[in-house]
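Peer 1: Please see the structure below; I have some questions.
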Amino acid sequence: MLVQLASMRDAYAEVLLELGQEDPRVVVLGADTSVSIKTSLFGDRYPDRFFNVGIAEANMMGIAAGLALAGKIPFVTTYAAFVPGKCLDQIRNAIAYPNLNVKIVSSHGGLTVGPDGASHQTIEDVATMRAVPRMHVVVPADAPSTKSLVAQACRTLGPFYIRLSRPSVPTIYSASKDVEVGKAKMLREGSDIGIIACGIMVNEAMEAAETLSKTGISAEVVDSHTVKPLDSETIVRVARKTGALVTAEEQNVIGGLGGAVAEAITESHPVPISRVGVRDTFGESGEHQELMVKYGLTSKEIARAAKQLIKSR
Amino acid sequence: MEEQSIPIGMLLQKAAKIRAHILEMVAEAKSGHPGGSLSAVEILVSLFFYKMRHDPKRPDWPDRDRFVLSKGHAAPVLYSTLAEAGYLPTSELKTLRKINSRLQGHPDHRVPGVEFPGGSLGIGLSAAIGMALAGKVDKKEYRVYALLGDGELDEGETWEAAMAAPKFKLDNLTAIVDRNGIQQDGLTEQIMPMEPVGYKWKAFNWHVLEVDGFDFRQVIDALEKAESMRNRPTVIIAHTIKGKGVSFMEWDPAYHGKAPDKDTVRKLVKTMLEE
Ligand SMILES: Cc1ncc(C[n+]2csc(CCOP(=O)(O)OP(=O)(O)O)c2C)c(N)n1
Ligand SMILES: [Mg+2]
């Protein structure tokens, strides 16, 4: 089968145009990266609802809070390294604390930003945002689910953090109605091991399951695009059924999806778990595929972790 | 400063070589930021080949002058200047942005001569203040230079730092603004108007100088004036052109973060070094 690649930021730019048409309360803010992330397309169509604040992320977040207080639905977008990186305080005190309807959508998350190097690679945003009360945290796996999840976030009251990756990724979802915020999506049934993934690692998880099946291991794959609130019910069910879990994410292994899953299962049905992700180290410059290999963000690494867990059972 | 003692010929030669390196490295990497690297060449050459006291053999010399590249995306101009100065082999420049290389997309301490990992804009002037304060505490003679982008001035932290340096009477600190009029999304005056930029710094109690950032005599004269100023930090607003030296890049915001292809660069470099 031919793998179809599509870009999450193109999908995001498209859905913003639809949302802008549908709901006049939708406004978009950018911080001098809007051509690269393509939110400038929204600005071209709706110039009076687009605000480029320059390279001033903290100001952008504060302005978004004010817009939300005055009844708007602000979408705040720049690179993940700087949102939330430059403005955690504004997100916490001005947005989450008063439970404002601000949608933070960051692009270029994770290591796959590539040659820009560690300063621009965000491996702790999911963990940070997850620790902020009231914040929804969503990490879509592909372009169609990006569209769907962003649209749902727009219609759901409260603060959201949605994290997109830079490279074009294989399309997993055919129809965008397949995903629902807060509901983990079972993509493949299996009985020996459960793989819980989010973001670009969902595709790697699917490939790992395929490889594992060739060695007689039946892997269940779940897209846990909503990291918070985590769909613990589904995850605990997978844990009960398979007896061991591998998590996979383009994030530090500390505090992200792996952390969330570990917390959920230790409280209700502890099983052995192995976390695939960046192993608490900064990244470096390189092509995104090279980085995924060097930092263990591959289907191979997921399969290896799965086999290890099964062997030690 | 005696004008005759400025070795203009040598500085011009260094600038030409550094421009060639910048183009070759970003073409080889197929990514990076040529525009804001090319606009800052004469500023770095004036510092590293004339004004600063530094020793490529002793990058950790405690008494060295320090250069902070706050607009870290201009890493190609910093790496090639450091290479021309002898901090690293020029042959290493082609490893820019490649996996396992020291030459990270944004400045990294693995490279000798790099003082600060600028990358996230807005932090460098604060770090430079810290270095300058430490110099005062230790009664050292060293000076600290920080190069900022004009788009970078959008960051609130820049102005927090701008308030702090005069308070601490940091006459050992010189900030330089690369006033090339362009940031990432377009012209600074459209994205976030910065004029009157000199007056802003004046209002924050800085000693303000404005120069043509490609004129060695003007840049060096300003650096000397900054050094003789007592009790106040100096900011030099260096008027430049983004993409300077490559006609199709000059003034084109697209070349903020886009690499020209290798063939084009080969031709450009040939004419550049012949001149
Ligand atoms: C905090 C932060 N926000 C956004 C970026 C992305 N970015 C890199 S360069 C740049 C534009 C910089 O413009 P300017 O300071 O004028 O630099 P120059 O023109 O000298 O290249 C932006 C927005 C960044 N590196 N850091
Ligand atoms: Mg500029």
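Since every read-out is calculated from the coordinates, none of them should be taken as a lab result. Just so it is clear, the structure is predicted and the values come from calculations on it, not from any experiment. Cβ placement follows ideal geometry from the backbone for every residue including glycine, while neighbour counts extend to all protein chains displayed.
Peer 1: When the dipole is taken about the Cα centre of the protein assembly as shown, and only Lys, Arg (+1) and Asp, Glu (-1) are charged at their Cβ, what size is it in debye, to the nearest 20?
Peer 2: In total the dipole reaches around 1080 debye.
Peer 1: So, by mean Cβ neighbours within 10 angstrom, what's the order for A:67-78, B:191-202 with the highest one leading?
Peer 2: Those peptides, ordered most packed to least, come out A:67-78, B:191-202.
Peer 1: Mind jotting down the distance between the C-alpha centroids of region A:168-199 and region A:275-311, whole Å?
Peer 2: Computed from Cα coordinates, the inter-centre distance equals 19 Å.
Peer 1: About the Cα centre, and with charges only on the beta carbon of Lys, Arg (+1) and Asp, Glu (-1), how big is the dipole of region B:4-124? Nearest 20 debye, please.
Peer 2: Numbers: 16 positive and 11 negative charges, 28 e Å.
Value, rounded to 20: 140 debye.
Peer 1: Semi-axes of the equivalent ellipsoid for region B:115-239, please: Cα gyration tensor eigenvalues, times 5, square-rooted, ordered largest first, whole Å.
Peer 2: Taking √(5λ) for each eigenvalue gives 23, 17, 13 Å, largest first.
Peer 1: Moving to a separate point now. Specify the angular offset, from 0 to 90 degrees and rounded to the nearest 10, of the alpha carbon long axis of helix A:143-155 from the longest principal axis of the alpha carbons in chain A.
Peer 2: The angle comes out at about 50 degrees.
Peer 1: Given N residues in chain B, what is its alpha carbon radius of gyration divided by 2.2 N^0.38 Å? It would help to have the intermediate numbers written out before the result.
Peer 2: On the way: Rg = 17.4 Å, N = 275, 2.2 N^0.38 = 18.6 Å.
After normalising by residue count via 2.2 N^0.38 Å, the value is 0.93.
Peer 1: Out of all Cα-Cα pairs in the protein assembly as shown, roughly what percent, to the nearest whole number, are more than 36 Å apart?
Peer 2: Working: 68334 of 172578 pairs.
Counting every Cα pair in the protein assembly as shown, those more than 36 Å apart make up 40 percent.
Peer 1: Now for a separate question. Which of the lysines could a cross-linker span from B:Lys139 if the Cα-Cα distance has to be under 23 Å and same-chain partners fewer than 8 positions apart are dropped?
Peer 2: Result set, ordered by chain and number: B:Lys51, B:Lys167, B:Lys169, B:Lys225.
Peer 1: Follow-up. Please compute the contact order of chain B in relative form: average sequence separation of alpha-carbon pairs under 8 Å and at least six residues apart, divided by the residue count, as a percent.
Peer 2: Details: 550 pairs, mean separation 66.1, N = 275.
Computed value for chain B: 24 percent relative contact order.
Peer 1: Right, next: Let me know the Kirkwood hydrodynamic radius for region A:182-311, please, with Cα pairs as the basis and the value in Å to one decimal. If you can, show how the numbers build up before the last one.
Peer 2: Details: mean 1/r = 0.0703 Å⁻¹.
Hydrodynamic radius (Kirkwood, Cα only) of region A:182-311 equals 14.2 Å.
Peer 1: Within 13 Å, Cβ to Cβ, of B:Asn180, how many net charges do the neighbouring residues add up to if Lys/Arg are +1 and Asp/Glu are -1?
Peer 2: -4
Peer 1: Using alpha-carbon pairs under 8 Å, 6+ residues apart, how would you state the relative contact order of region A:121-161 in percent?
Peer 2: It comes to 44 percent, rounded to a whole number.
Peer 1: At 4 °C and 1.567 mPa s, what whole-number value in µm²/s does Stokes-Einstein give for the translational diffusion of chain A, with Rh from the Kirkwood sum over Cα pairs?
Peer 2: Value of D from the Cα-based Kirkwood radius: 67 µm²/s.
Peer 1: Just checking the output field for A:46-56: average partner chain Cβ neighbours within 10 Å of each residue's Cβ?
Peer 2: Neighbouring Cβ atoms belonging to other protein chains average 4 per residue here.
Peer 1: Give me the tail of P(r) for region B:1-81 as a percent: Cα-Cα pairs with distance above 14 Å.
Peer 2: In whole percent, the long-distance tail amounts to 64.
Peer 1: Ok, one more. Give the Rg/Rh ratio for region A:195-257, taking Rg as the radius of gyration of the Cα atoms and Rh as the Kirkwood radius, to two decimals.
Peer 2: My calculation puts Rg/Rh at 0.96.
Peer 1: Compute the relative contact order of chain A as a whole-number percentage, counting only Cα pairs closer than 8 Å that sit 6 or more residues apart in sequence.
Peer 2: Result for chain A is 17 percent.
Peer 1: On to the next question. Taking the alpha-carbon centroid of each part, what is the distance from region B:169-187 to region B:195-247 in angstrom?
Peer 2: First find each Cα centre; the distance between them is then 8 Å.
Peer 1: Right, another one. With axes computed from alpha carbons, what is the tilt in degrees of helix A:232-242 against the longest principal axis of chain A, rounded to the nearest 10 within 0 to 90?
Peer 2: 20 degrees
Peer 1: Let me ask something else about it. Which whole-angstrom value gives the distance between the alpha carbon centres of region A:119-164 and region A:241-265?
Peer 2: Computed from Cα coordinates, the inter-centre distance equals 17 Å.
Peer 1: Tell me what the protein assembly as shown gives for mean residue ellipticity at 222 nm when only DSSP H runs of n ≥ 4 count, each as -39,500 (n - 2.57), the sum divided by the residue total, rounded to 500 deg cm²/dmol.
Peer 2: For the protein assembly as shown, the value works out to -11000 deg cm²/dmol.
Peer 1: A follow-up question, please. How compact is region B:78-132 by the rule of thumb for globular proteins, expressed as Cα Rg over 2.2 N^0.38 Å?
Peer 2: Taking the Cα Rg and dividing by 2.2 N^0.38 Å, one obtains 1.20.
Peer 1: What is the order of B:Glu28, A:Glu22, A:Glu204, fewest Cβ neighbours within 10 Å to most?
Peer 2: Final ranking by Cβ density, sparse to dense: A:Glu22, B:Glu28, A:Glu204.
Peer 1: Here is a further query. Out of all Cα-Cα pairs in region A:5-170, roughly what percent, to the nearest whole number, are more than 27 Å apart?
Peer 2: Details: 1721 of 13695 pairs.
The proportion of pairs with Cα distances above 27 Å equals 13 percent.
Peer 1: Same structure, new question: Based on the alpha-carbon gyration tensor of region B:127-183 and its eigenvalue square roots a ≥ b ≥ c, which shape applies: rounded if a/c is under 1.5, prolate if not and a/b is larger than b/c, or oblate?
Peer 2: Working: a/c = 3.13, a/b = 1.96, b/c = 1.60.
It comes out prolate by the Cα gyration axes.
Peer 1: Quick one: which of A:Lys72/A:Lys185; A:Lys294/B:Lys30; A:Lys72/B:Lys200; A:Lys103/A:Lys294; B:Lys94/B:Lys242; B:Lys98/B:Lys270 span more than 27 angstrom between C-alpha atoms?
Peer 2: Exceeds cut-off: A:Lys72/A:Lys185; A:Lys72/B:Lys200; A:Lys103/A:Lys294.
Peer 1: From the C-alpha coordinates alone, can you work out the Kirkwood hydrodynamic radius of region A:134-249, in Å?
Peer 2: 14.3 Å
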